[in-house]
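Have a look at the structure below, then the notes.
No value in this document is a laboratory result; all are computed from the given coordinates. Note that the coordinates shown come from a computational prediction; the quantities given were computed from them, not determined experimentally. As a convention, Cβ positions derive from the backbone with ideal geometry for all residues, glycine included, and neighbour counts pool all protein chains shown.
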Amino acid sequence: MVLDDLGSSLRDTMDTLRGKSRLDEADVEEVVREIQRSLLSADVDVGLVMELSDSIETRALEEEPPGGTTARDHVLKIVYEEMVGLIGESTELPLQEQTILLAGLQGSGKTTSAAKMAWWFSKKGLRPAVIQTDTFRPGAYDQAKQMTEDAEVQFYGDPDADDPVQIARDGLEATSDAEVHIVDTAGRHALEDDLIAEIEEIDSVVDPDRSLLVLDAAIGQGAKDQAQRFEESIGIDGVVITKLDGTAKGGGALTAVNETGSSIAFLGTGETVQDIERFEPNGFISRLLGMGDLKQLSERVERAMEETQEEDDWDPEDMMEGEFTLKDMRNQMRAMDRMGPLDQVMDMIPGLGGGIMDQLPDDAMDVTQDRMRSFDILMDSMTEAELEDPSVIGAERQRRIAHGSGVPAERLEELLEQHRMMKRTMEQFAGMGDGDMQRMMKKMQN
Ligand code: GDP
């Protein structure tokens, strides 16, 4: 994740301040040095790093911590506020009819982001359409077509045409009943004059309400040039930073945003259409500093539950009333899966963010998702009756289910054991009156 290193090293430094009520200069210097080191190694521009660390240092030494706050919380608050200030507000994006133009170099993630954004707008209740004008990159048309199908949104493109401006014009006309038009453009391997000329022409035909620059999080200092060049030619209202799920540093993109006075609109966190987040500076920085992001988390949970209810026709309420079957377990797993990669979900939980994840081996989460997938395959090989009541599965059937699905027999045992455990827990819940439940919740909070 972007600036991951900053998050973890900063948390370590902050931990050394635990228990202190006052900060001395050496403490502040230590924190500031750590911030500088991490930001620089994340490719954030030197000038920007100095500016940020100066103001953190000044504030930490001059401002009195409000009564009752520890030195650690005081510094954390200052770092948080300064970081939010550096990154700025998210790009304004009213939920109404509009046309959005996407610009960027080839491979930055434009086509992917166009489909993701369309998906995002459709979830907000608007009717979007993606118009693909990239005649330069072979495969752009097919990719956009496939992804917009996945996103279940309208699409316009013409694989045989070679004039992007004409495609844009035709596309707007053909999708005139859509409310949000997202126009994808061609990129080039590097900034070239013909790219700028082409996008300027499309810009004048499309007359977008917003132009967004798509930047790969892995881009270093080059981001600044790109942002400036596009800013001068078509005007950039906001940036989409993609591939934040990788090991990218992200500092270059942040620098570009700051330098051009633009803002971040969306973050791309994976290859499927749902891997997109509206940028929220507060939540983003909180997550970075290991403070969690409950808003994103609850949005994801809600969305995943809704989809599971719609697509698998499953109501969690029913589960609370009757027996907890393997089907219920499978639906719970699917809802979990729809929330996205577990490590991203964990990062959003206050107290679990960063700190704990850093201690897990990198592949720990993959293993868990791997296991969920093999559980799913095993359940595909079971009969309806077995899914309703797995206690009917005898030794011979166990052997055949494992064999038939090509999953090791131990996995099947794990699945059945997990189901037994969950069933027991659900039965305990079901046996409780409301009063018991409230008492238990209270206990968990303390
Ligand atoms: P374009 O040339 O700008 O249209 O770029 P594409 O949309 O084709 O993206 C280039 C590559 O990056 C593709 O393989 C995408 O699947 C991948 N990609 C785009 N966004 C993301 C992201 O947020 N995360 C990951 N992991 N891959 C992405």
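For the pair Arg303 and Asp150, the difference between a 0.36 nm per residue extended length and the Cα-Cα distance amounts to 53.4 nm. For the range 371-383, putting each phi into the Karplus relation 6.51 cos²θ - 1.76 cosθ + 1.60 with θ = phi - 60° gives couplings of 5, 4, 5, 6, 4, 4, 5, 4, 5, 4, 8, 9, 7 Hz, in residue order, rounded to whole numbers and with x for Gly and Pro.
Close amide H contacts of Ile264 (hydrogens built in the peptide plane, cut-off under 5 Å, sequence separation of 5 or more or a different chain): Thr91, Val239. Rounded to the nearest whole Hz, the Karplus-based 3J(HN,Hα) values (6.51 cos²θ - 1.76 cosθ + 1.60, θ = phi - 60°) of the range 76-92 follow the sequence 4, 5, 5, 4, 4, 5, 5, 5, 4, x, 5, 7, x, 5, 7, 4, 5, with x at glycine and proline. Given axes a ≥ b ≥ c from the Cα gyration tensor, I'd like to know whether the range 98-288 is rounded (a/c under 1.5), prolate (a/b larger than b/c) or oblate. Because a/c hits 1.5 or more and a/b fails to exceed b/c, the range 98-288 counts as oblate.
Once backbone amide H atoms are built at 1.01 Å from N, Thr242 has Leu215, Asp216, Ala217, Gly268 as its partners under 5 Å, excluding neighbours fewer than 5 places away on the same chain. Enter the mean projected area of the convex hull around the alpha-carbon atoms of the range 4-87, in nm², rounded to one decimal. Across all orientations, the range 4-87 yields a mean hull projection of 5.0 nm². Full extension of the chain between Arg18 and Ala409 yields a length gain of 135.9 nm, computed as 0.36 nm times the residue separation minus the alpha carbon distance.
Each Lys or Arg adds one and each Asp or Glu subtracts one; over the other residues with Cβ under 9 Å from the Cβ of Val32, this totals -4.
With an 8 Å cut-off on Cα pairs and a minimum separation of 6 or more residues, tell me the relative contact order of the range 98-288 in percent. Contact order relative to length: 26 percent.
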